[in-house]
Ligand SMILES: CC(C)(COP(=O)(O)OP(=O)(O)OC[C@H]1O[C@@H](n2cnc3c(N)ncnc32)[C@H](O)[C@@H]1OP(=O)(O)O)[C@@H](O)C(=O)NCCC(=O)NCCS
């Protein structure tokens with residue numbers, strides 16, 4: 001298994017991976033929603049605000065994750081992980097956790113201080129995320145599942161309460177995704 005940074009030349013392969021994986025797990029309609037979201041994320045996000053990481057097996061994309069910049073009130077460098085997909089037939093073999101760890105290590109290497117995500121705490125806690133109350137850091141959009149708002153510090157310092165709004169990139173600034 002090889003882990004590396006996402007290259008724009010693999011855009012169509014990544015979109016197809018997300019569509020296939022989410023169609024299999026959540027149904028075709030959700031597969032299309034996620035594929036459209038990934039396409040928008042890649043096409044509308046400034047290069048410095050988007051970090052993708054991929055897992056490859058024999059040159060085939062079998063895992064993909066994206067981190068996009070999130071602007072928090074205290075100005076710390078922060079990214080949010082969303083979305084995440086591992087090829088259906090390879091799920092449950094550790095690729096997702098290894099790919100997320102690879103991505104978090106990359107964020108640390110470029111001095112990012114905070115990572116957020118929005119999803120199942122049971123899964124994301126395996127890679128260091130913890131539920132975070134909106135009294136500490138507000139989410140960019142109203143949350144349909146507040147328990148899924150998760151964060152981790154990447155520099156060992158406790159996350160300090162922040163007052164004010166949080167902003168995400170345009171593709172994520174869609175209340176239906178939250
Ligand atoms: C969720 C997903 C990314 C996990 O990647 P993975 O490579 O299959 O997971 P790993 O092998 O790294 O980890 C497996 C562990 O996570 C758990 N797990 C896997 N998917 C989970 C999910 N959707 N919710 C909660 N736990 C999950 C497994 O039970 C397993 O736990 P164990 O180690 O205690 O046995 C992958 O299954 C996937 O692409 N699913 C469909 C798309 C999706 O739901 N993406 C996440 C939302 S963006």
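Its relative contact order, with pairs defined as Cα atoms under 8 Å and 6+ residues apart, puts the stretch 61-178 at 29 percent. Helix 11-26 axis versus longest C-alpha principal axis of the chain: approximately 80°, rounded to the nearest ten. Taking the three principal axes of the alpha carbon atoms in the chain, the coordinate ranges are 45, 32, 31 Å, sorted in descending order. The Rg/Rh ratio for the stretch 137-178 is 0.99, where Rg is the radius of gyration of the alpha carbons and Rh is the Kirkwood radius.
Please determine, in degrees from 0 to 90 and to the nearest 10, the orientation of helix 28-44 with respect to the longest principal axis defined by the Cα atoms of the chain, where the helix direction is its Cα long axis. So the helix axis and the longest Cα principal axis differ by about 70 degrees. Every Cα-Cα pair of the stretch 98-178 was included, and the share exceeding 21 Å stands at 29 percent.
Between residue 155 and residue 77, the simple label model (points 7 Å from Cα in the Cβ direction) yields a spacing of 0.9 nm.
Roughly speaking, what is the stretch gain from residue 29 to residue 90, that is 0.36 nm per residue apart minus the C-alpha to C-alpha distance, in nm to one decimal? Please list the in-between numbers first.
Details: separation 61, 0.36 × 61 = 21.96 nm, distance 2.22 nm.
The span from residue 29 to residue 90 would gain 19.7 nm if fully extended.
Express in % the proportion of alpha carbon pairs of the stretch 23-118 at distances exceeding 22 Å. Roughly 32 percent, once rounded to a whole number. Among 35-41, 137-143, 114-120, sorting by the average number of other beta carbon atoms lying within 10 angstrom of each residue, highest first, gives 114-120, 35-41, 137-143.
Laboratory data are not the source of any read-out in this text; all were calculated from the coordinates shown. Remember, it's a predicted structure, so these values are computed and weren't measured experimentally. Counting neighbours? That spans all protein chains shown, and the Cβs are built from the backbone with ideal geometry, glycine included.
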